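J.: Here's a structure for you.
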């Protein structure tokens with residue numbers, strides 16, 4: 001019997017924030033804010049699915065969450081994880097893969113000036129359209145990974161106003177970046193930062209350890225499609241950006 005591995009996104013895939021959950025449905029807290037407040041929850045179906053998968057295969061989270069946010073996920077994932085959009089790999093014991101982190105650190109040093117330029121330009125675009133955004137360069141382990149913009153009031157229309165001008169500016173400047181938008185989250189990633197690269201790296205390692213294996217990729221966002229396509233099979237939640245895109249095609 002071949003060993004099976006599920007590379008699974010977390011937020012909006014295996015659980016979601018309380019406001020996105022069905023009203024009145026029984027929920028299991030899955031992730032918490034820094035103050036200890038339960039923030040993300042799994043429905044009965046999501047919890048049952050995860051438990052079933054863990055009986056059949058090894059589940060490896062693949063998430064944009066940083067180390068702190070991942071530590072506040074209350075589920076006993078024991079097979080390692082990919083965090084920071086693929087910039088950091090955690091071993092099954094929770095230790096950081098130092099070789100992979102060193103590689104990310106070197107690449108991030110080269111793309112930091114570009115991120116700073118992007119931050120200034122996005123701030124200018126937001127000012128032009130009269131919208132207020134929280135714009136940050138996201139760092140973890142002292143590594144500047146990518147740019148993130150959100151409306152602190154949760155007004156997605158603020159991101160609607162700036163998304164197209166930002167994409168056009170990146171294209172005009174021929175920047176080697178990927179722009180991802182999902183709800184109230186606009187992220188700009190250097191092309192070296194990709195969940196797919198980390199999943200491919202781990203898949204090669206697992207094949208060296210176990211021989212032939214079967215891999216599954218699961219995610220909700222269009223930005224997850226790259227790492228999902230690196231797997232043998234893809235799993236998509238019904239309530240997902242991917243499914244909405246396919247449904248409108």
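The values are calculated or read from the model by the stated rules, or taken from the named source; none is laboratory data. Remember, predicted model here, so these are calculated numbers, not experimental data. Note that each Cβ is placed from the backbone with ideal geometry, even for glycine, and that neighbours are counted across all protein chains shown.
J.: Given the structure, is residue 162 at pLDDT 95 or above, in contact with a strand residue (DSSP E or B) (Cβ under 8 Å, 6 or more places away or on another chain) and under 20 Å from residue 224 (Cβ atoms)? Outline the logic, then answer.
T.: Numbers: at pLDDT 95 or above: yes; in contact with a strand residue (DSSP E or B) (Cβ under 8 Å, 6 or more places away or on another chain): yes; under 20 Å from residue 224 (Cβ atoms): no.
No: the conditions fail for residue 162.
J.: Ok, one more. Out of everything in the range 1-56 that is in a strand (DSSP E or B) and closer than 23 Å to residue 210 by Cα, what residue ends up being farthest from the chain's Cα centre (by Cα)?
T.: Taking the range 1-56 and keeping what is in a strand (DSSP E or B), we get 3-8, 11, 15-17, 27-32, 38-43.
Remaining after also requiring closer than 23 Å to residue 210 by Cα: 3-8.
On the way: 3: 25, 4: 22, 5: 18, 6: 15, 7: 12, 8: 10 Å.
Once the filter is applied, the top-ranked residue is 3.
This table checks each residue for (1) more than 26 Å from residue 166 (Cα to Cα); (2) outside the structural domain of residue 55 (by TED's automatic domain parsing).
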{"residue": "80", "(1), (2)": "yes, no"}
{"residue": "93", "(1), (2)": "yes, yes"}
{"residue": "99", "(1), (2)": "yes, yes"}
{"residue": "103", "(1), (2)": "yes, yes"}
{"residue": "117", "(1), (2)": "no, yes"}
{"residue": "121", "(1), (2)": "no, yes"}
{"residue": "134", "(1), (2)": "no, yes"}
{"residue": "139", "(1), (2)": "no, yes"}
{"residue": "149", "(1), (2)": "no, yes"}
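J.: For the range 212-234, give me the residue count where each residue is under 30 Å from residue 134 (Cα atoms) and either in contact (Cβ under 8 Å) with a residue 60 or more places away in the chain or buried (at least 19 other Cβ atoms within 10 Å of the Cβ) (or both). Write out each step before concluding.
T.: Residues of the range 212-234 under 30 Å from residue 134 (Cα atoms): 218-228.
In the following step, the residues that additionally are either in contact (Cβ under 8 Å) with a residue 60 or more places away in the chain or buried (at least 19 other Cβ atoms within 10 Å of the Cβ) (or both) were identified as 218-221, 223-224, 227-228.
The number of residues fulfilling the criteria is 8.
J.: Same structure, new question: Out of all the residues in the range 97-118, is one or more more than 17 Å from residue 140 (Cα to Cα) and touching a helix residue (DSSP H, G or I) at 6+ places or on another chain (Cβ under 9 Å)?
T.: Scanning the range 97-118 turns up at least one residue that is more than 17 Å from residue 140 (Cα to Cα) and touching a helix residue (DSSP H, G or I) at 6+ places or on another chain (Cβ under 9 Å).
J.: Any idea which of (1) modelled with pLDDT under 95; (2) assigned by TED's automatic domain parsing to the domain that holds residue 48; (3) assigned to a loop (DSSP other than H, G, I, E, B) is the one residue 184 doesn't satisfy?
T.: Here residue 184 meets the rest and fails (2).
J.: A further question follows. Which of the following residues is in contact with a strand residue (DSSP E or B) (Cβ under 7 Å, 6 or more places away or on another chain), part of a helix (DSSP H, G or I) and within 21 Å of residue 66 (Cα to Cα): 119, 136? Lay out the reasoning, then the answer.
T.: Details: 136 fails: part of a helix (DSSP H, G or I).
So the residue among 119, 136 that is in contact with a strand residue (DSSP E or B) (Cβ under 7 Å, 6 or more places away or on another chain), part of a helix (DSSP H, G or I) and within 21 Å of residue 66 (Cα to Cα) is 119.
J.: Show the residue pairs that are 6+ apart or on different chains and have beta-carbon atoms under 9 Å apart, the first residue being within the range 199-211 and outside the structural domain of residue 62 (by TED's automatic domain parsing), the second being surrounded by 17 or more Cβ atoms within 10 Å (Cβ to Cβ) and in a helix (DSSP H, G or I).
T.: 199/86; 199/226; 199/227; 199/228; 200/227; 201/86; 201/100
J.: Name the single residue that is farthest from residue 109 (Cα to Cα) among those in the range 170-211 being more than 16 Å from the chain's Cα centre (by Cα) and buried (at least 16 other Cβ atoms within 10 Å of the Cβ). Give the derivation first.
T.: First, the residues of the range 170-211 that are more than 16 Å from the chain's Cα centre (by Cα): 170-176, 201-211.
With buried (at least 16 other Cβ atoms within 10 Å of the Cβ) added as a condition, the list becomes 170, 175, 201-203, 206.
Numbers: 170: 20, 175: 16, 201: 21, 202: 24, 203: 27, 206: 29 Å.
Across the range 170-211, the extreme among qualifying residues is 206.
J.: Here's something else I'd like to know. Look through the range 133-144, keep the residues that are surrounded by fewer than 18 Cβ atoms within 10 Å (Cβ to Cβ) and out of contact with any helix residue (DSSP H, G or I) (no Cβ under 7 Å at 6 or more places or on another chain), and return whichever of them is farthest from residue 186 (Cα to Cα).
T.: That would be 142.
J.: Has the range 145-153 got at least one residue that is under 28 Å from residue 217 (Cβ atoms) and surrounded by fewer than 21 Cβ atoms within 10 Å (Cβ to Cβ)?
T.: The initial filter retains those residues of the range 145-153 that are under 28 Å from residue 217 (Cβ atoms), namely 145-150.
Filter again for surrounded by fewer than 21 Cβ atoms within 10 Å (Cβ to Cβ), leaving 148, 150.
So far as the range 145-153 goes, yes, one or more of its residues are under 28 Å from residue 217 (Cβ atoms) and surrounded by fewer than 21 Cβ atoms within 10 Å (Cβ to Cβ).
J.: Suppose we keep only residues that are out of contact with any helix residue (DSSP H, G or I) (no Cβ under 9 Å at 6 or more places or on another chain) and not in a helix (DSSP H, G or I) within the range 155-175. Which one would you say is nearest to residue 195 (Cα to Cα)? Full working, then the answer.
T.: Here is the first cut: in the range 155-175, the residues out of contact with any helix residue (DSSP H, G or I) (no Cβ under 9 Å at 6 or more places or on another chain) are 155-157, 159-160, 163-164, 167-168, 171-172, 174.
Filter once more, keeping what is not in a helix (DSSP H, G or I): 155, 174.
Details: 155: 27, 174: 22 Å.
Per the stated criteria, the residue is 174.
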